[in-house]
1. Mind telling me which of the residues V289, V325, V347, V338 ends up being part of a helix (DSSP H, G or I), of a type in the set (A, V, I, L, M) and within 30 Å of H139 (Cβ to Cβ)?
2. Please go through (1) surrounded by fewer than 21 Cβ atoms within 10 Å (Cβ to Cβ); (2) more than 30 Å from S577 (Cα to Cα) for I343 and return the number of the only condition it doesn't satisfy.
3. Here is a list: F535, F509, F514. Which entry is touching a Pro at 6+ places or on another chain (Cβ under 6 Å) and surrounded by fewer than 21 Cβ atoms within 10 Å (Cβ to Cβ)?
4. Taking the condition of a type in the set (D, E, K, R) and assigned to a loop (DSSP other than H, G, I, E, B), does R512 pass?
5. Is it the case, given these coordinates, that A180 is among the small types (G, A, S) and at pLDDT below 95?
6. Name every residue in region 609-628 that is in contact (Cβ under 8 Å) with a residue 60 or more places away in the chain and not small (G, A, S), in order of residue number.
7. Within the bounds of region 602-615, is there any residue that is more than 29 Å from E381 (Cα to Cα), in contact with a helix residue (DSSP H, G or I) (Cβ under 7 Å, 6 or more places away or on another chain) and surrounded by fewer than 24 Cβ atoms within 10 Å (Cβ to Cβ)?
Amino acid sequence: MGVDRSAVIDKNLLELLDEWEGAGESGRRLDGPIRDDTDLSGRVALELLESQFVARHLDLEARALKRRDEGYYTIGSCGHEGNVVLGRLLRATDPTFLHYRSGALMAERFRHAPGSTPIFDILLSLVASSEDPASGGRHKVFGSRRLWVPPQTSTIASHLPKAVGCAFALERAHKIGLGADVPEDGIVACTFGDATVNHAVAQGSFNAASWTAFQRLPMPLLFVCEDNHIGISVRTPDNWVSERFRGYPEFEYFRADGVDLASAWNAARAAIAYVRERRRPAFLHLEVVRILGHAGSDVETEYRSRGEIEANELLDPLLRSVSLVLHAGIATVDQVRVLYEEIRARVQAGAREVVSRPRLRSASEVSSALAPHAPDAVRAEAERAADHDARVGLFGSEGALPESSDRPRHLAVQLNRGLTDALAQYPGMLVFGEDVGRKGGVYHVTTGLTEKAGVGRVFNTLLDETTILGLGLGAAHLGLLPVPEIQYLAYYHNAEDQLRGEACSLQFFSNRQFRNPMVVRIASFGYQKGFGGHFHNDSSIAVLRDVPGLVIASPSRPDDAVRMLRTCLAKAQIDGSVICFLEPIALYMTKDLHEPGDGAWATLYPPPGEAAPFGRGRVDLIDDGSDLTIVTYANGVFLALRAAKRLRDEHGVKARVVDLMWIAPLDEDLILEQVSATGRVLVVDEGRRTGGVNEAILALLADRLCGDMPRIGRVCGEDSYIPLGPAANEVLPTEDKIIDGGLALVRPAKKGADG
């Protein structure tokens, strides 16, 4: 059996106290500097030491709980306790996105919240109790609504983009009267490890902060790298972090010995003051040490020698902090020992209590915080009209209000009008992305919005999808309503974890205490004859459908798109929902349906007050639609309606076309009702055969209809990338394929009827 290193570091501190000699310096006072090279007072140093002790004993107890099979999480903060200075120096109103080794920082930050119980709260988190005030038992996280610390799971740089976004949006929030719980001189901080700086997401975040500051735009962001020189077992080269960030464009670099309390205090205080006063980014490099391995399951001897492990343990910041206060003579050995043991006793007593506290016991309890929905409130908000004068101001005149026009328009125009209306209705709404500003977007959907609403609300970003979504996340944390645009569906895949790992998990892991509402507009799907490949012509939505809690809306008709947009914005505003609004590129400029010049796909603008019911699809009947049900969405609706007309005119088949409109959640009741009406269903899915919506629909039919199964067919996108030119039709649904699929289902029944 190996040596219990947690017992070793505990013993090391006690031996330091037992062997300490000397009464310390004379003349040092509690309210004076603890050392000549710092303004850290003795009184504050003792409080910081207490928080370091709290973090240490919680780490030791986490491992003890695990050994007793009573706890579940052992990634600790041992060796990183120098971050305690940030807990004191940052305000409780400074949004702070934390690394998972932030025990001392959080213990100290709780001093900003009188009456709080950090020891007991963190113990509840360690045993996954449903009474855990941070996450409700869903994960061991550091988080507090009162202290402006959104809960983070095991982050690998994914929290940096939203920290950048929050810092960027702070001034804009104040200009429109939002963000009141963060003062105008507030700053944003985020902490991470040295291995994290190499992650592509981190590199993008550093670049975005630098790019913003280069343009002399406010970026009050403090990056804090806690450099312990190793990422699990992968070593960071000596001086890599300092060489990489000393002189980084537009960053002010601060370095400290994070093991030494006074050194960490000096550098952190200077860095925070710089960011707060200059409104520019800074990089605080705290050199720390990792003790007890990456986690309890990490066998450190597999990649480190015993000598190296023991040498690291002698660099323990608690040894340095204890020596600092003893040497200054502001506490005696007995006083320090009593404090250390008293905290141990409190932690152990709390641990005995929390193991009996309730835990999540059902799937409904677990998921209750995932995607809240208040249908009546959402409907009322969606049907609420914007202030009339605000609308006139943005549209330019009374006569320019779109509902006053009797000219039907295509999808791109109506979406533009819908966004204009929404900007009038929601003062906190921001529209941003690549080319959305003066160019008006690649497909002109945002044309003129910058001129109408101003560059502060409609603006271009740098060309990085992770930054775009991170900006949305950070802005949403401040109470804004972000509407970022992703230029093509395939570009989303470059940044998907910003929705999966960050946006959609926030309400879940914070037990609904934090939210980041967002409506992500994505130009989507195939049928673009001038584009090939998977970057501009892609229909893969499997990765979206896999994200828990994500709402996916996909309009086909221009009027429905406006109504659905209103509902999406209302749901984001009321429920804090994260929504992907998939706009079919091929239908942006489409006006005609069956014949050139028929104008059947253009529509009038839905007047304010009209909104689409959330999660409900619609049905179009060809005659009585008694022969065949076609279930589809987006481009499939356009194709299916054309095919349905030909099925009737050329083959006497009467079909009904179900436009799903909402891909998540699916309108299951409507699907079952419409399929049962004909007993034959053709699922038309431009997504792929594997991972497409068709799989969910077929599973629904199998689950709910059981022995009374209808005749089923499907026309799907193939499991292939989409090629250039006419060859694209070989791997996508087409009008002819829909007709053939429908006839294959209907003809056998018709032959039987004919006798």
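The values are calculated or read from the model by the stated rules, or taken from the named source; none is laboratory data. As the structure is a prediction and not an experimental result, all values here were calculated from the model. We place every Cβ from the backbone using ideal geometry, glycine too, and count neighbours over all the protein chains shown.
1. V347
2. (1)
3. Only one candidate passes the filter, namely F514.
4. Values: of a type in the set (D, E, K, R): yes; assigned to a loop (DSSP other than H, G, I, E, B): yes.
Yes: the conditions hold for R512.
5. Details: among the small types (G, A, S): yes; at pLDDT below 95: yes.
Yes, satisfied.
6. E610, P613, F614, D627, L628
7. At the first step, the residues of region 602-615 found to be more than 29 Å from E381 (Cα to Cα) are none.
Looking through region 602-615, none of the residues is more than 29 Å from E381 (Cα to Cα), in contact with a helix residue (DSSP H, G or I) (Cβ under 7 Å, 6 or more places away or on another chain) and surrounded by fewer than 24 Cβ atoms within 10 Å (Cβ to Cβ).
This table checks each residue for (1) in contact with a Ser or Thr (Cβ under 9 Å, 6 or more places away or on another chain); (2) more than 28 Å from K162 (Cα to Cα).
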position: A45; (1), (2): yes, yes
position: N83; (1), (2): yes, no
position: P95; (1), (2): no, no
position: E108; (1), (2): yes, no
